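Chemist: I have a structure I would like to understand better, so I am pasting it below and will then ask my questions one at a time.
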Amino acid sequence: MTRIICPDCGHENLAGADECVRCHQSLTQEEAFVPQNELERSVAYDRIGRLDIRDPVCVSPETPVGEVLRRMVAARTGCALVMEASQLVGIFTERDALLRLSLDRAEWENRAVRDFMTSPVETLELEDRLAFAIHRMAVGGYRHIPILSDGQLVGVVSVREVFRHLTRLLEAG
């Protein structure tokens, strides 16, 4: 069966598809994109692996929220990945803390993070293109996305790492 590779995310689609089933980008573009500078080339063709992928703070679903927050602050990160038997089951972010925790610390400090985490979790693959990551973050409103390689967690990327990468390219060019 003939397949067409999405130029944005690299996903194999059935021939004749008008849009990619993974990233929903058009597969019927009449003009090929030609980057005009290093920044455009990087966004269009570089893989997520070019970014500074951070080691995540990982916690179990039973970890008290107060402990999760202390670990996030100590690691200077905006999220913690919730793992159960080596499987990613949720993510707890600074946004979850702002929107889901009350002002009364006694109400939540010792409750399990599973009660406040976001699940299911959107992930990206290490080999996904930077443009796809930016698109996924923008459309989903995500500031942090766990990164997998062959189904295994390798780290987390935040919008901050994307901006740092793009800033380095702008400063160099």
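Coordinate-derived values only; no laboratory data. Bear in mind that the values here come from a model prediction, so they are computed numbers and not experimental data. Positions of Cβ are backbone-derived with ideal geometry, glycine not excepted, and every protein chain shown enters the neighbour counts.
Chemist: Kindly state, to the nearest 0.05, the FRET efficiency for S60 paired with E38, given R0 = 41 Å and r defined as their beta-carbon distance.
Modeler: On the way: r = 43 Å, r/R0 = 1.04.
According to the calculation, E is roughly 0.45.
Chemist: Right, next: Taking the Cα of Q25, stepping 7 Å toward and past its beta carbon, and measuring to each backbone N in region 127-159: which are under 16 Å?
Modeler: Hits in region 127-159 for Q25 at 16 Å: 127-140.
Chemist: Tell me, for the chain, which Cys residues have no other cysteine's C-beta sitting closer than 4.7 Å.
Modeler: Here C58, C79 come out as lacking a disulfide-compatible partner, given the Cβ-Cβ threshold of under 4.7 Å.
Chemist: Based on other C-beta atoms within 10 Å, arrange H144, H135 from fewest to most. Could you put the intermediate results ahead of the total?
Modeler: Working: H144 24, H135 17.
In order of increasing Cβ crowding within 10 Å: H135, H144.
Chemist: Only counting other Cβ atoms within 10 Å, I'd like H165, H24 sorted with the fewest neighbours first. All intermediate terms of the calculation are to be shown ahead of the outcome.
Modeler: Details: H165 20, H24 12.
So the ranking, lowest neighbour count to highest, is H24, H165.
Chemist: Which order do the peptides 57-68, 94-105 take when ranked by the mean count of other beta-carbon atoms within 10 Å per residue, highest first? Don't jump to the answer; show the numbers that get you there.
Modeler: Numbers: 57-68: 17.5, 94-105: 12.4.
Highest-to-lowest ranking by the protection proxy: 57-68, 94-105.
Chemist: How much length would be gained if the chain were fully extended between R70 and Y45, taking 0.36 nm per residue of separation minus their Cα-Cα distance, in nm to one decimal? Write out the running numbers ahead of the final one.
Modeler: On the way: separation 25, 0.36 × 25 = 9.00 nm, distance 3.76 nm.
Taking R70 through Y45 to full extension adds about 5.2 nm, to one decimal.
Chemist: Using modelled amide H (1.01 Å from N, peptide plane; none on Pro or chain starts), what sits under 5 Å from the amide H of D46, excluding residues fewer than 5 places away?
Modeler: L130
Chemist: At 0.36 nm per residue, minus the direct Cα-Cα distance, what do L166 and T118 gain on full extension? Give it in nm, one decimal, please.
Modeler: Numbers: separation 48, 0.36 × 48 = 17.28 nm, distance 2.82 nm.
Computed gain between L166 and T118 is 14.5 nm.
Chemist: Let me ask something additional. Mind checking which of Q152, Q36, Q25 has the largest fluctuation in a GNM of the chain, springs on alpha carbons under 10 Å?
Modeler: Q36
Chemist: Under a GNM of the chain (C-alpha, springs under 10 Å), which listed residue has the highest mean-square fluctuation: V139, V162, V89?
Modeler: V139
Chemist: I've got another one for you. So which residue, out of G155, G90, G141, gets the largest mean-square fluctuation from a GNM of the chain using Cα contacts under 10 Å as springs?
Modeler: Among G155, G90, G141, the largest GNM mean-square fluctuation belongs to G141.
Chemist: What are the residues whose amide H is under 5 Å from the amide H of R111, where those residues sit 5 or more places off or on another chain and H is modelled from the backbone?
Modeler: V65, G66
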